[in-house]
Amino acid sequence: MNIDTVFISDFSVGRFRAAFQAYFVELGLHISDWDGLFREMNEDKNGKNFAFLMVDGHDNAVGFLQFQMNVFSNWFFRESFGFIRELWVHPSCRGQGLGTKLLHEAERYFADNGAYKAVLTTDDAEAFYLANGYEKAPGIKAKNKMEVLVKNISALR
């Protein structure tokens, strides 16, 4: 299968929208205002959203990874990190290593942009992330109450 990866910084792009909508359908989530959701993704106050979108030879979206660069800071310390927001691979393409390729693309982006760690939450893919070098981070609490996983990516720098 011929797969290309495209960097996305504008979430009004049709191919990304189609993939994100398929992901939400799979999750059983209903969105009444898709245009509003994608506008919010473009204008997120917590940081600029980006994505890597995988498309097949027919220009169909087969997976994506949405992410942000963020900063943990207090009055004394500051640490840049990559936050993986969403990862999805089309059901017909799972088990082919595409999710791992998307993770590696994001981790490389994080390292190239000054981050030493990648952080994410998961409720149903813990084994996948653990197999890709992520570790549980019991000291970090997420607002969504999901398990937090962290990967040290300093070796990529």
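The values are calculated or read from the model by the stated rules, or taken from the named source; none is laboratory data. Everything quoted here is computed from the prediction, not taken from an experiment. All Cβ positions, even for glycine, are placed from backbone atoms using ideal geometry, and neighbour counts span all protein chains on display. All accessible areas refer to the heavy atoms of the entire protein, side chains included, with ligands and DNA or RNA removed. Shrake-Rupley method; radii C 1.70, N 1.55, O 1.52, S 1.80 Å.
Which residue is farthest from residue 54 (Cα to Cα), if the candidates are limited to the range 138-157 and must be open to solvent by less than 80 Å² (accessible area, probe 1.4 Å) and part of a helix (DSSP H, G or I)?
My answer is 154.
Which condition number in (1) part of a strand (DSSP E or B); (2) within 21 Å of residue 125 (Cα to Cα); (3) in contact (Cβ under 8 Å) with a residue 40 or more places away in the chain is the one that residue 22 fails?
Failed condition: (1).
Identify all residues within the range 123-137 that are modelled with pLDDT of 90 or more and either open to solvent by 70 Å² or more (accessible area, probe 1.4 Å) or more than 15 Å from residue 106 (Cα to Cα) (or both); write none if there are none.
Passing the criteria: 125, 126, 127, 128, 130, 131, 135, 136, 137.
Does residue 79 qualify as being touching a residue at least 24 places away in the same chain (Cβ under 8 Å), touching a strand residue (DSSP E or B) at 6+ places or on another chain (Cβ under 7 Å) and exposed (fewer than 14 other Cβ atoms within 10 Å of the Cβ)?
Numbers: touching a residue at least 24 places away in the same chain (Cβ under 8 Å): yes; touching a strand residue (DSSP E or B) at 6+ places or on another chain (Cβ under 7 Å): yes; exposed (fewer than 14 other Cβ atoms within 10 Å of the Cβ): yes.
Yes.
Could you say which residue among 32, 12 is at pLDDT 90 or above, of a type in the set (Ser, Thr, Tyr), more than 13 Å from the chain's Cα centre (by Cα) and outside any helix (DSSP H, G or I)?
After applying the criteria, what remains is 32.
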